[in-house]
Every structure is written in structure tokens, then in C-alpha cells.
Amino acid sequence: MQIGMIKLADARMIAIFNWKDQPATFSIRLPEASHISDFWTGQSLGRHDGVFTVKDVPSRSGRLFRCEA
């Protein structure tokens with residue numbers, strides 16, 4: 001698994017895992033327009049509609065995002 005999405009009562013969580021040996025870019029189709037924030041830092045990443053792209057995910061690492069409609 002490289003991308004996982006879990007629906008919670010009030011949000012969706014998106015987990016991204018880069019298993020490669022080099023940085024990678026991921027594009028995730030969103031089921032609805034969402035305000036996205038980095039779960040670990042709390043940093044707001046803005047409102048996205050359609051596709052959310054995460055660039056330069058370091059090798060052998062992961063990211064976790066919270067999406068609220």
C-alpha cells in the first residue's frame with residue numbers, strides 16, 4: 001500500500017507511504033472539496049478540490065493528512 005484513506009465521523013485521513021529509495025510525488029483524488037492539514041504539524045495546506053498533490057515525499061517515509069469538508 002502506498003496510499004490509504006480512512007473515513008472518520010467528521011473527517012477523512014489520508015496516509016501516504018513512500019517505500020522507494022528516492023523522493024516521490026503522489027496525487028490523490030478527493031471525493032469532495034476539502035480543507036487539508038498535516039496531521040503531525042497541524043499546518044494548514046489549504047482547500048483542495050478534485051486532486052491533492054504531495055511533492056517530494058522523502059524516501060522510506062510517510063505523511064498523514066486530515067481532510068475536512
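Taking all pairs of different Cα atoms in the chain, averaging 1/r and flipping that mean, what Kirkwood radius in angstroms comes out?
It is 12.2 Å.
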*Vicinal HN-Hα couplings computed from phi for region 45-56 (Karplus, 6.51 cos²θ - 1.76 cosθ + 1.60; Hz; Gly/Pro x)*: 10, x, 9, 10, 10, x, 9, 10, 10, 10, 9, 6
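Bear in mind that the values in this text are calculations on the coordinates, not laboratory data. Fair warning: this is a prediction, and the values are worked out from it, not measured in the lab.
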